[in-house]
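The values are calculated or read from the model by the stated rules, or taken from the named source; none is laboratory data. Please read all numbers here as calculations on a predicted model, not as lab measurements. Ideal geometry is used to build each Cβ from the backbone, glycine not excepted, and the neighbour counts take in all protein chains shown. Calculation scope for accessible area: heavy atoms of the full protein, side chains included, ligands and nucleic acids excluded. Shrake-Rupley method; radii C 1.70, N 1.55, O 1.52, S 1.80 Å.
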Amino acid sequence: MSKKDYYDILGVTKSSSPEEIKKAYRKLAMKYHPDRNQGDKTAETKFKEASEAYQVLSDPKKKSSYDQFGHSAFEGGQGGPAGGFDFGGFESGAFSDIFDDFFGDFMGSGRGGGRSKKSRSNRGSDLKINLEISLEEAYLGKKQTINLSSNEKCEKCSGSGAEPGSKPKTCSTCEGHGKVRTRQGFFTLQQTCPDCGGEGEMLSNPCKDCKGSGAVKTKKNLSIQIPKGVDDGTQIRLSGKGDAGYRGGSNGDLYVFITVQKHKIFQRSEENLYFKLPISMVDAALGAEIEVPTIDGGKSKVKIPAGTQSGKQFRLKEKGMPILRESNYGDLYLETNVIIPDSLSKEQKELLEKFKSLEDSNSNSEIKSFINKAKKFWENIN
C-alpha cells in the first residue's frame, strides 16, 4: 500500500507557512494523542502519521527533498538522495522539540525544568468579586472595603506545608525530578510524578494547621480604590490579592467586576451623559433660562432660545464623566422635550383661543410648507 501524502495528512499545502503547518499538526496531535485515546489503534496510527508528516514538513531541508522526490526521498537510493531517513530519531532532536512545545503543559514536561513548572502549577487561584456602585461614585471614585474569604499563607509553617523543625524528603519514585518517563511504542513520554504530584519532595511530617497545603482559609477585610470614570463592566485586577499558592507558590490575583447602577436622571454613553429636559410650551415659544443638574451635584444655567422645538440638543462641555486614567471629562447633552398641557383652566383656554384667532398659519414656515404639499397632493389626486 502506498504511503499517504504528508500534506494530505496534515491538511495543508506546499505553500502553507511553517506556522500553519505547526498549527495543523498541533490540532491533530492533541486530538489523536495516545493518552487521550487509550486502546484506540486507529487514533494511535493517525497520531504516528501526523508526527511523521510534521517531522518532515517542519524541516526546510527535508521538506525540500520531499517536494522534489516524494516519499522516495527517504528510502535511500530509490530516486532520492543517498543515505535515507530514519524515523527512529523521534525520541530526540527535532521531534523532542516538537513534543515539548505541544505537550509540555499537558504531560507535565517541558524544557524549562521542574522548578519553573512547579512554580506555575503551585500558583494560587484567582478570585472574582462583583461590586455595584452608583453613577455618582463612578464620577468621584471611591475607596471601598470588601469582605473576602481566601486562602492565606499558613503562619505556622510559613507556607512550606511542613511542621516547624521537619524537612521534606526526596521523592523516591522520581528521585526529586518531579517527572517520570514512560515508554509507549517508539515514544518516550515524560509525565508528572503520580506520587509527589511534580513536587519532587514528600512531606514526612505535614503541618497540622494547613494539612500540608501551606495555606489556610481566612476571612479578611480588603480596602480597594475604585478610580474615577469606571464604567459598567469595568474589570479591576489586584495582583497577588487572590488565594495563596500551594506550598509556597505565588498568590493568585483578585478581579473586581464593576456594575454601575442606572441613574434616575442621567444616561451614560462612554464618557458622555445625556438626559431629556422637559420645558413648557410657553418657555419653548418665548425662550427662557433654566437651571439643570450636573453629575457633580452642581447646577448649570441653560439658555433656551425663543421658538425651541422638541428634540433640540444643548451641549454642556466637560460636564460629563471623567475619562478613565485621564484628566479630561466628557460632555453633558440635554435634549428638549416640549410639554403640551393636558389640562387647562377656563382662563388658559380663553387665552389660547384668543392666541389662535391672532395666529397666522402662514407665519410658520414649517406649517406653510406642509399646507402647500397637501394642496398639491389633493390637486394631483383630483
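Using a 1.4 angstrom probe on heavy atoms only, work out the carbon and sulfur share of the accessible area of the stretch 164-241 in %. The computed percentage sits at 47. A Förster radius of 41 Å, combined with the Cβ-Cβ distance separating Ser204 from Asp231, puts the computed FRET efficiency at roughly 0.15. The antiparallel fraction among DSSP beta bridges confined to the stretch 231-382 stands at about 70%. What Kirkwood Rh does the stretch 197-238 have if only Cα atoms enter the pairwise 1/r average? Answer in Å. Evaluated over the stretch 197-238, this radius sits at 14.9 Å.
Quick check on the stretch 272-382: take the gyration tensor over C-alpha atoms, sort the square-rooted eigenvalues as a ≥ b ≥ c, and tell me if it's rounded (a/c under 1.5), prolate or oblate. Here the stretch 272-382 falls in the oblate category.
Kirkwood hydrodynamic radius computed over the stretch 172-288 comes to 20.9 Å, based on all pairs of distinct alpha carbons.
Convex hull volume of the Cα atoms of the stretch 246-316, normalised per residue: 124 Å³. Can you grab the distance from the C-alpha centre of the stretch 281-329 to the C-alpha centre of the stretch 229-258, Å, no decimals? Measuring centre to centre over Cα atoms gives 40 Å.
With the simple model of a label 7 Å out from the Cα in the direction of the Cβ, Lys31 to Ala288 spans 7.0 nm. Using a cut-off of 27 Å between Cα atoms, the listed pairs Lys4/Lys27; Lys349/Lys376; Lys346/Lys373 include Lys349/Lys376; Lys346/Lys373 as exceeding that distance. For the stretch 8-76, a Kirkwood hydrodynamic radius built from all Cα pairs, placed in the Stokes-Einstein relation at 4 °C and 1.567 mPa s, yields a translational diffusion coefficient of 103 µm²/s. Suppose R0 equals 56 Å. What FRET efficiency, 1/(1 + (r/R0)^6) with r the Cβ-Cβ distance, do Lys356 and Glu326 give to the nearest 0.05? That gives a FRET efficiency of 0.55. Take the residue pairs Lys3/Lys63; Lys241/Lys262; Lys228/Lys301 and return only those whose Cα atoms are more than 18 Å apart. Check vs 18 Å cut-off fails for Lys241/Lys262; Lys228/Lys301.
Based on protein heavy atoms only, the stretch 195-283 ends up with 55 Å² per residue of surface accessible to a 1.4 Å probe. If the chain linking Lys169 and Ser369 were pulled fully straight, counting 0.36 nm for each residue of separation and taking away their Cα-Cα distance, it would gain 62.4 nm. Could you estimate the translational diffusion coefficient of the stretch 169-240 from the Stokes-Einstein equation, with Rh from the Kirkwood formula over C-alpha pairs, at 10 °C and 1.306 mPa s, in whole µm²/s? So the translational diffusion coefficient is about 95 µm²/s.
For the pair Ser250 and Glu335, label points projected 7 Å from Cα toward Cβ lie 4.8 nm apart.
Protein heavy-atom accessible surface, 1.4 Å probe, per residue over the stretch 1-68: 62 Å². For the pair Lys346 and Gln144, the difference between a 0.36 nm per residue extended length and the Cα-Cα distance amounts to 67.0 nm. With r as the distance between the Cβ atoms of Asn382 and Ser125 and R0 = 56 Å, compute the FRET efficiency 1/(1 + (r/R0)^6) and round to 0.05. With R0 = 56 Å, the Cβ-Cβ based efficiency is 0.10.
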